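**Student:** My structure is below; once you've seen it, I'll send some questions.
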Amino acid sequence: MSKSAAVLCLLVAACSAAPSTRHSRLRPILDSRIVGGEPVDISQFPWQISLQVYESHQCGGSIISSTWVLTAAHCLDRLSANMLSVRVGTSTSGSGGSVYDVANMIAHRNHWPATQDYDFAVLELSVSISFESNVQAVSLGNSELAAGTAVTITGWGDLSYEGNSTEQLQAVTTHIVVRSECNESYGGRITERMICAGEKEGGKDSCQGDSGGPLVVGTTQYGVVSWGTGCAYPGYPGVYSNVPAVRSWITETTGV
């Protein structure tokens, strides 16, 4: 972005209100590795995928059926299906497992990049995934989680804000935050299509490169990594797309 364009954005309220997405560093102007977590094996989270652009990790995602993957709409900005592939069944984002081409990508029709509302997308694969011990579909939640619920987020993103990424899958467990409190932290930008998770003191969060990945309780997914201020900052929980809020859209689009 040029200096003049950056100044213009500062003068426009919409730009100043735009959320900081938790995107891969393929686009350094955007910002989302798990912070405060630990290395895990793919067998513990066999639905986790690496969404790749020309074989380079871009975002996370989750297997929801043998032919469909759930991710974040902002992960697909300025991309086409023929640029994408999905790596499954491996704890390392750049090797191992199996790779499947993406035949079709569908972002939620109401997705608005300026606010990241309705930050959902589904990817249809060119051939069916072969399920095994390290490759399984995740269940999708139908009701929103209560505040205080312990949740787990996984991904290959940065270990700290503007830090280094990792090849090894990471997981962190944190807690759902009351929506009204989260909304106050973010100046009224939290909609019903969003849920928040984190600790008051910070230290546990998703980060750059985790976008599109799953927030789960057990084997059920309730959220998709979307956006936030920095990573693991006190007073600024991570913001996740609320899966139960668009459960009917997922079913209508994918049959899942």
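The values are calculated or read from the model by the stated rules, or taken from the named source; none is laboratory data. Note that the structure is predicted; figures quoted are calculated from it, not measured. Neighbour counts are summed over all protein chains in view; Cβ atoms, including those assigned to glycine, are modelled from backbone coordinates with ideal geometry. Surface areas here come from the heavy atoms of the whole protein model, side chains and all, with no ligands, DNA or RNA. Shrake-Rupley method; radii C 1.70, N 1.55, O 1.52, S 1.80 Å.
**Student:** Given a 1.4 Å probe and every protein chain left where it sits, what share in percent of the accessible area of segment 164-256 is carbon and sulfur?
**Tutor:** On segment 164-256, the fraction of accessible area on carbon and sulfur atoms equals 47 percent.
**Student:** Using the crude model of +1 on Lys and Arg Cβ and -1 on Asp and Glu Cβ, and no other charge, please compute the dipole size for segment 29-111 relative to its Cα centre, in debye to 20.
**Tutor:** Value, rounded to 20: 180 debye.
**Student:** Over the alpha-carbon set of segment 130-256, divide Rg by the Kirkwood Rh and report the Rg/Rh ratio to two decimals.
**Tutor:** Dividing the radius of gyration by the Kirkwood radius yields 0.97.
**Student:** Where the centre of each part is set by its Cα atoms, how far does segment 121-158 sit from segment 179-256, in angstrom?
**Tutor:** Result: 13 Å between the Cα centres.
**Student:** Quick one: if the Förster radius is 45 Å, what FRET efficiency do S80 and F131 give, using the C-beta to C-beta distance and rounding to 0.05?
**Tutor:** The formula returns an efficiency of 0.95 here.
**Student:** Work from the charge dipole of segment 95-201 (Cβ charges, +1 for Lys and Arg, -1 for Asp and Glu, about the Cα centre) and give the residue of G148, T191, V172 farthest towards its positive end.
**Tutor:** Working it through, the farthest residue towards the positive pole turns out to be T191.
**Student:** Rounded to the nearest 0.05, what FRET efficiency is calculated for T219 and W249 with R0 set to 30 Å and r the Cβ-Cβ distance?
**Tutor:** 0.85
**Student:** Here is a follow-up. For a quick check of understanding: with a 1.4 angstrom probe and all protein chains in place, what accessible area in square angstrom does S128 have, to the nearest ten?
**Tutor:** 70 Å²
**Student:** Quick one: grab the alpha carbon gyration tensor of segment 187-229, order the square roots of its eigenvalues as a ≥ b ≥ c, and give me rounded if a/c is under 1.5, else prolate or oblate depending on whether a/b is larger than b/c.
**Tutor:** rounded
**Student:** Have a look at V127, S56, G97 and report the one farthest towards the positive end of the charge dipole of segment 50-169, computed about the Cα centre with Cβ charges (Lys/Arg +1, Asp/Glu -1).
**Tutor:** Among V127, S56, G97, the one farthest towards the positive end of the dipole of segment 50-169 is V127.
**Student:** Next question. With every protein chain kept in place and ligands, DNA and RNA left out, what is the accessible area per residue of segment 148-256? Probe 1.4 Å, answer in Å².
**Tutor:** 35 Å²
**Student:** How much length, in nm to one decimal, is gained on full extension between W112 and E167, taken as 0.36 nm per residue of separation minus their Cα-Cα distance?
**Tutor:** This chain segment gains 16.7 nm when fully extended.
**Student:** OK, next. Rounded, prolate or oblate for segment 58-100? Axes are the square roots of the Cα gyration tensor eigenvalues, ordered a ≥ b ≥ c, and the cut-off for rounded is a/c under 1.5.
**Tutor:** prolate
**Student:** Would you please calculate the Kirkwood hydrodynamic radius of segment 90-154 over all C-alpha pairs and express it in Å, rounded to one decimal?
**Tutor:** With all distinct Cα pairs of segment 90-154 included, I get 15.4 Å.
**Student:** Cα-Cα pairs above 21 Å in segment 28-181: how many percent?
**Tutor:** 47 percent
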